[in-house]
Amino acid sequence: MTDTVFVNGTTLTDSDWFNDVNRLHYTIFGDPADDAAARTGIGLGTAAVKNVGTSGDTVPVCNAANTWASAQTFTVPPVFTDATGTRSAMSAASTSVSNTFEGAQQTMRLTDDGVLGPILVLQLLTTTPAANDIIGILDFTAKDSAGNTQDYADIRCQILDPTSTSEDSNISFSTTVAGTRTSRFLIFSGLSASNAAGSDMGSGTGNFTAVYDDGAGPLTDYVFDWHLLGGTVPEDKENWKAQAFDPKLLDIDNFVSRWTDRRALPAMPLRKEWEERRLGIGELVQRLWETVEVQAVHIEKLNQRLKVLE
């Protein structure tokens, strides 16, 4: 059976038909011998010559786990959801993976009604864990005035003992002072300053090189200044403890009447005051120290009286 094609009442021969179709193909799709031109003609991009796959120089598929060989940059906050559509997660098996998130704020959001919110996991998957291994670091960086990238602070977790059932670790907090980043505090079983002698002193303890309260250290030599010099020295001009000290306490009769009337040492709070405001350790040490020095002055005065009697 032979089909006959008529155009405006004229019968087209096979040759006419082929030529017209070929011209139409050129007009729409370009030269069929030029692959790139042909793809452009039908609206195909470079993905048309790529195979699909999960790694390498392929077009990634969305229903399989893909491996990325280079850093990926997200210009908007990415959202990662699991099969239920309710949990966000991101992980990287390779230490060479780097993810860049642009924007001032990144949010991890959990939309289900459970009692547990999003969890950020920093996992070191080494098969040979050892003491002093760093599990993960939260690094805080920014530019300095010369445009250099500066590490300003970090929080890091370190393995102290990887032995199964008796594992130990600590967390350190570092800050930058005068251009050098140094560990400042450690949390192990207790809390300690990184440069404190003895470091960790056990559960529930704190170990520091000095204790200050409201900016004032536990130095109370203003008591002796009042006794020996008759007043405070210029160095204590900004020391509110020194300025608040009552020199009448250096009179033993006044001192005794104060504590007998109050039923508390003059420098210490009354029971009601203690219940309303518990003292910080720095202030408590300073008040006790002040009391001891006042008593030392009284001992010296009583000693002088005894010598006269002798």
When you look at Thr205, is it exposed (fewer than 15 other Cβ atoms within 10 Å of the Cβ) and either over 17 Å from the mean Cα position of the chain (by Cα) or among the aromatic types (Phe, Trp, Tyr) (or both), yes or no? yes
In the stretch 180-196, how many residues are part of a strand (DSSP E or B) and hydroxyl-bearing (Ser, Thr, Tyr)? 4
Between a residue in the stretch 114-142 that is free of Cβ contacts under 8 Å to residues at least 12 places away in the same chain and any residue that is part of a strand (DSSP E or B), which pairs come within a Cβ distance under 7 Å, given they are 6 or more apart or on different chains? Thr141/Thr149; Thr141/Gln150; Thr141/Asp151; Thr141/Tyr152; Ala142/Gln150; Ala142/Tyr152
Could you say whether any residue in the stretch 160-179 is in contact with a Gly (Cβ under 8 Å, 6 or more places away or on another chain) and either outside any strand (DSSP E or B) or of a type in the set (Gly, Ala, Ser) (or both)? no
Within the stretch 147-169, restricting attention to residues that are free of Cβ contacts under 8 Å to residues at least 24 places away in the same chain and in contact with an Asp or Glu (Cβ under 9 Å, 6 or more places away or on another chain), which residue is farthest from Ala131 (Cα to Cα)? Ile155
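Bear in mind that the values in this text are calculations on the coordinates, not laboratory data. Given the structure is predicted, the values throughout are model-derived calculations rather than measurements. Note that we place each Cβ from the backbone using ideal geometry, even for glycine, and neighbour counts take in every protein chain shown.
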